[in-house]
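The values are calculated or read from the model by the stated rules, or taken from the named source; none is laboratory data. The model shown is predicted, which means the values in this text are computed figures rather than measured ones. Methodologically, a virtual Cβ is constructed for each residue, glycine included, from the backbone with ideal geometry; neighbour enumeration extends over all protein chains shown.
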Amino acid sequence: MNHHIRRVPVVIFASCLHKSVKSVKSAPSEDEIILGQGTPLMVVTAQEITSKQAKPNDPVNFTVNEDVIVNGQVIVRKGTAAVGSVVTAQKGGYMGNSGKLAIAVESTTTIDGQPLKLRAAKGLEGNDKTTSVAFASFISPLFLFKRGGDAKITTGMPITVYIAEEKRFRLEGSTLVAVAPETPPVVSNEDAVVYIYRPKSWIGRGLEPSVFIDATELARMDNGRYFALRMKPGKHIVHMTDEKKGYAIDMGPGQTYFFRIGLEAGTWKGQGKILLDEPERGIKEVKKIKFIGKDKIKAPTVVIDIPLK
């Protein structure tokens with residue numbers, strides 16, 4: 001039997017750093033070896049992942065595929081394990097929809113055993129406070145599968161990621177030794193801001209799907225309403241009643257995220273669907289609608305109103 005084949009993106013993106021770090025860089029001594037931010041690193045997937053089986057925050061394993069060498073010294077060894085997680089997974093097949101799958105590559109270790117944070121885009125410097133940071137880091141390889149089928153990442157798929165933090169070393173004989181920065185980094189714990197909104201629509205206007213974060217029910221999402229919340233930096237799972245319908249996001253300090261709520265085609269059970277939205281679209285849509293009614297709020301100590309200017 002012949003099947004219609006189409007290319008569908010599988011998104012791979014970096015986790016945001018748990019903490020925003022600012023430091024005054026000291027001049028390196030002549031014998032220091034510096035692994036700089038933005039240094040490329042090649043990893044390959046160490047397992048197969050499908051949108052049918054995966055769910056947000058499932059662990060994903062990778063292997064470093066090439067030595068990272070600075071000044072003739074190996075800093076990260078080929079074959080070293082790297083870790084990540086599933087960001088979102090939506091199985092295909094229903095109403096002809098194709099599956100969607102996004103994973104994050106998060107960290108590996110240096111040759112001396114230090115944890116090393118990774119990200120998918122080379123340049124994420126600056127003071128960007130929105131999800132444009134995350135969207136700018138997308139890498140979208142294309143895969144072939146049946147129309148209406150599940151997205152799949154195969155074992156051994158190569159991915160180029162980038163070092164997300166500077167590391168310094170010196171040689172003591174033949175041993176590589178980490179060098180602590182002279183000026184300790186200043187760590188920001190500024191809250192992340194999350195907007196969750198549902199555009200006004202006549203379709204399914206009487207349905208009110210529930211929205212959760214980290215298993216806490218936030219609100220029954222009324223038609224044409226929004227709400228906001230502040231979250232401590234780190235990984236949080238924003239999801240619907242079905243925990244597979246959601247996103248596991250490593251939220252950065254001071255960053256703003258927009259999640260759009262809708263209803264799936266052919267669904268009249270009020271379960272809804274969720275999408276991590278572009279900040280430009282999210283800002284415009286939230287400005288058009290009102291704050292959610294108090295009678296719909298399930299977590300009054302968490303749900304707040306932060307009007308957009």
Looking at (1) assigned to a strand (DSSP E or B); (2) hydroxyl-bearing (S, T, Y); (3) over 24 Å from the mean Cα position of the chain (by Cα), which is the one condition that is false for Y226? (3)
Determine whether the stretch 250-261 contains at least one residue that is surrounded by 15 or more Cβ atoms within 10 Å (Cβ to Cβ), in contact with a strand residue (DSSP E or B) (Cβ under 9 Å, 6 or more places away or on another chain), within 17 Å of K200 (Cβ to Cβ) and aliphatic (A, V, I, L, M). yes
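Residue-by-condition table, conditions (1) over 26 Å from L275 (Cα atoms); (2) of a type in the set (S, T, N, Q); (3) surrounded by fewer than 15 Cβ atoms within 10 Å (Cβ to Cβ); (4) in the same structural domain as I111 (by TED's automatic domain parsing):
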position: V44; (1), (2), (3), (4): yes, no, no, yes
position: S51; (1), (2), (3), (4): no, yes, no, yes
position: P56; (1), (2), (3), (4): no, no, no, yes
position: P59; (1), (2), (3), (4): no, no, yes, yes
position: E66; (1), (2), (3), (4): yes, no, no, yes
position: N71; (1), (2), (3), (4): yes, yes, yes, yes
position: G79; (1), (2), (3), (4): yes, no, yes, yes
position: A82; (1), (2), (3), (4): yes, no, no, yes
position: S85; (1), (2), (3), (4): no, yes, no, yes
Within the group E285, E243, E217, E280, which residue is part of a loop (DSSP other than H, G, I, E, B) and outside the structural domain of V87 (by TED's automatic domain parsing)? E243
From the residues in the stretch 9-28 that are of a type in the set (V, I, T) and either part of a strand (DSSP E or B) or at pLDDT below 50 (or both), which one is farthest from G149 (Cα to Cα)? V24
How do the pairs read when you match residues in the stretch 218-235 that are in contact (Cβ under 8 Å) with a residue 60 or more places away in the chain with residues anywhere that are in a loop (DSSP other than H, G, I, E, B) and among the hydroxyl-bearing types (S, T, Y), using Cβ under 8 Å and keeping only pairs 6 or more apart or on different chains? G224/S201; K235/S15
One residue is enough: does the stretch 198-205 have a residue meeting the conditions of a type in the set (S, T, N, Q), in contact with a Phe, Trp or Tyr (Cβ under 9 Å, 6 or more places away or on another chain), touching a residue at least 12 places away in the same chain (Cβ under 8 Å) and part of a loop (DSSP other than H, G, I, E, B)? no
Does E243 count as of a type outside the set (S, T, N, Q) and in contact with a strand residue (DSSP E or B) (Cβ under 7 Å, 6 or more places away or on another chain)? no
Could you tell me whether any residue of the stretch 230-239 is modelled with pLDDT of 90 or more, under 23 Å from N57 (Cβ atoms), touching a helix residue (DSSP H, G or I) at 6+ places or on another chain (Cβ under 7 Å) and among the small types (G, A, S)? no
For residues in the stretch 95-131 being among the polar types (S, T, N, Q) and assigned to a loop (DSSP other than H, G, I, E, B), which is modelled with the lowest pLDDT? N127
Return yes when K232 is over 19 Å from D191 (Cβ atoms) and of a type outside the set (V, I, T) and no when it is not. no
Inside the stretch 177-201, can you point out the residues that are aliphatic (A, V, I, L, M) and at pLDDT 85 or above? V177, A178, V179, A192, V193, V194, I196
